[in-house]
Amino acid sequence: MYNTVTESKLIFDKKTKMNTKKLLLMISLVLLTHASNAQESNKQKFKKLEWLTAKWIRTNSNVGHSGYEIWRKVSDLKLSGKGVTLKGNEIIFTENLELIVQGIDIFYVVTLAGEKNPVYFKLTELNDNGFTCENPEHDFPTKITYRRSGNNVKAVISGNGKSVDYIFVREQSN
């Protein structure tokens, strides 16, 4: 009787281990599929951002100043940009800009010249003609919005009761 109980217990333990392994394998496949779908979804979202890849000339700069943003596609999941403000011919302000995937989210990342730490703004809204990114923990801005209309873009940085508009026109290729 001892042998029968022991054998039954061994068979039960083997079946339990096999079922546990099958369950873990199925969970892994589901998670992998979900991550793959999220990645594909981010690729689709980045397609909606590709209109940004160009040189954008600021049209509402202060007198004596000018500025531009230039964006390029680095990969299917990354856009890289630079914002520049000039006084006459002298560069007085620069910022490095990126749209990147981190985990399952998309972020607009700003690194000011001379600063070591970038600021991340999470993409919260996206359509064919614009997007919004937010970071409620940042002092200013807490929100960055880009809206396109033909060859024009209006970028707005806002938060804490303040708002600054940047109006751009796409530089025409020669």
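The values are calculated or read from the model by the stated rules, or taken from the named source; none is laboratory data. Remember, it's a predicted structure, so these values are computed and weren't measured experimentally. Cβ placement follows ideal geometry from the backbone for every residue including glycine, while neighbour counts extend to all protein chains displayed.
Within segment 141-155, the set of residues being of a type outside the set (Ser, Thr, Tyr) and either part of a strand (DSSP E or B) or in contact with a helix residue (DSSP H, G or I) (Cβ under 7 Å, 6 or more places away or on another chain) (or both) comprises 143, 144, 147, 148, 152, 153, 154, 155.
Pairs linking a residue in segment 152-169 that is closer than 15 Å to residue 84 by Cβ to a residue that is surrounded by 15 or more Cβ atoms within 10 Å (Cβ to Cβ) and among the β-branched types (Val, Ile, Thr), with Cβ atoms under 9 Å and 6 or more positions apart or on different chains, are 155/144; 155/145; 155/167; 166/153; 166/156; 166/157; 168/57; 168/153. Residue 113 satisfies every condition listed in (1) free of Cβ contacts under 8 Å to residues at least 24 places away in the same chain; (2) under 21 Å from residue 52 (Cα atoms); (3) of a type in the set (A, V, I, L, M) except (2). Does at least one position in segment 78-94 carry a residue that is over 19 Å from residue 171 (Cα atoms), over 13 Å from the mean Cα position of the chain (by Cα) and crowded, with 17+ Cβ neighbours inside 10 Å? No, that holds for no residue. Tallying residues that are in contact with a Phe, Trp or Tyr (Cβ under 8 Å, 6 or more places away or on another chain), surrounded by fewer than 17 Cβ atoms within 10 Å (Cβ to Cβ) and closer than 20 Å to residue 133 by Cβ within segment 49-67 yields 1. Scanning segment 112-123 for residues that are exposed (fewer than 15 other Cβ atoms within 10 Å of the Cβ) and either within 8 Å of the chain's Cα centre (by Cα) or under 14 Å from residue 157 (Cβ atoms) (or both) returns 112, 122.
Results for (1) modelled with pLDDT of 90 or more; (2) closer than 30 Å to residue 127 by Cβ, shown as yes or no for each residue.
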site: 26; (1), (2): no, no
site: 37; (1), (2): no, yes
site: 47; (1), (2): yes, yes
site: 54; (1), (2): yes, yes
site: 64; (1), (2): yes, no
site: 73; (1), (2): yes, yes
site: 78; (1), (2): yes, yes
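Residue pairs whose Cβ atoms lie under 9 Å apart, sitting 6 or more positions apart in sequence or on different chains, and linking a residue in segment 79-90 that is farther than 15 Å from residue 113 by Cα to a partner that is hydroxyl-bearing (Ser, Thr, Tyr) and modelled with pLDDT of 95 or more, are 79/53; 87/66; 88/66.
For every residue, the table says whether it meets (1) assigned to a loop (DSSP other than H, G, I, E, B); (2) of a type in the set (Val, Ile, Thr).
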position	(1), (2)
92	no, yes
97	no, no
114	yes, no
136	yes, no
139	yes, no
157	no, yes
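When we screen 109, 164 for residues that are out of contact with any Gly (no Cβ under 6 Å at 6 or more places or on another chain), surrounded by fewer than 17 Cβ atoms within 10 Å (Cβ to Cβ), in a strand (DSSP E or B) and of a type outside the set (Ser, Thr, Tyr), the only hit is 164. Residues of segment 99-116 include none that is modelled with pLDDT of 95 or more and in contact with a Ser or Thr (Cβ under 7 Å, 6 or more places away or on another chain).
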